[in-house]
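Single-structure report; data block below.
The values are calculated or read from the model by the stated rules, or taken from the named source; none is laboratory data. Note that the structure is predicted; figures quoted are calculated from it, not measured. Positions of Cβ are backbone-derived with ideal geometry, glycine not excepted, and every protein chain shown enters the neighbour counts. Surface accessibility is based on the protein's heavy atoms, side chains included, excluding ligands, DNA and RNA. Shrake-Rupley method; radii C 1.70, N 1.55, O 1.52, S 1.80 Å.
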Amino acid sequence: MQKLYCYVDESGQDTEGKLFLVSVVITGSEREGLRNKLRKIEQMSGKGTKKWTKATRDQRRKFIEAIITDKDFIGNIFYTRYSDSRAYIDLTILTTAKALLGKAKPPYETTIFVDGLKRTERHRFAAGLRRLKVKVRKVRGIREQSDEFIRLADAVAGFVRDSLENDQIMESLYKKAEQNKVIRKI
């Protein structure tokens with residue numbers, strides 16, 4: 001049975017529904033190799049364990065450049081952009097399901113880590129995924145600074161948002177990410 005690990009973060013609740021992004025990072029058997037690679041990229045870029053918004057522009061650029069030029073990340077990073085909605089949990093569930101159903105090969109099971117998910121929301125999140133035909137083993141809330149993959153999901157959400165908000169450097173890097181097929185809009 002294929003075991004998948006899914007890391008989910010979002011950006012845009014501060015826009016009151018005008019722009020809402022959900023990013024998803026999915027790993028399988030390559031998880032520990034990618035984790036080690038992420039640690040090195042965080043260190044090399046100077047971003048370290050900082051949130052996207054706390055890193056300098058140069059640290060963000062170096063981090064994203066390293067991710068989007070690394071073939072090992074192809075097929076593992078997804079996002080969806082929404083507008084005119086405040087159904088944040090439902091949209092996060094939907095994006096997670098679309099990413100997993102597009103990547104998973106039955107039989108599989110998945111463990112899902114969602115940034116900031118409250119204990120009281122875990123059951124709703126898991127039930128929503130099951131209604132969408134996702135095989136869920138466990139859903140957990142996680143703190144952003146505690147895991148390399150959740151920090152990557154945070155960085156992807158921030159990166160895509162910056163590019164959509166006309167940050168010229170990030171727009172250019174986003175085009176490269178699309179060309180390299182490292183980050184996929186679903």
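Tally up the residues in the stretch 102-124 that are of a type in the set (A, V, I, L, M) and at pLDDT 95 or above, please. Going through the stretch 102-124 one residue at a time, the tally reaches 2.
Mind checking which residues of the stretch 71-83 are open to solvent by 30 Å² or more (accessible area, probe 1.4 Å), within 17 Å of the chain's Cα centre (by Cα) and under 22 Å from GLN168 (Cα atoms)? Passing the criteria: ARG81, TYR82. Within the stretch 162-185, residues that are in contact (Cβ under 8 Å) with a residue 12 or more places away in the chain reach partners that are surrounded by fewer than 17 Cβ atoms within 10 Å (Cβ to Cβ) and not hydroxyl-bearing (Ser, Thr, Tyr) with beta carbons closer than 6 Å, at six or more positions or on different chains, in the pairs LYS181/ILE74; VAL182/ILE74. Of all residues in the stretch 29-46, count the ones that are open to solvent by less than 30 Å² (accessible area, probe 1.4 Å) and either more than 17 Å from the chain's Cα centre (by Cα) or modelled with pLDDT under 95 (or both). Looking only at that region, the number is 1. Meeting the requirement of 3 or more residues that are open to solvent by 70 Å² or more (accessible area, probe 1.4 Å), the strands (runs of 3 or more DSSP E) wholly within the stretch 90-186 are 136-142.
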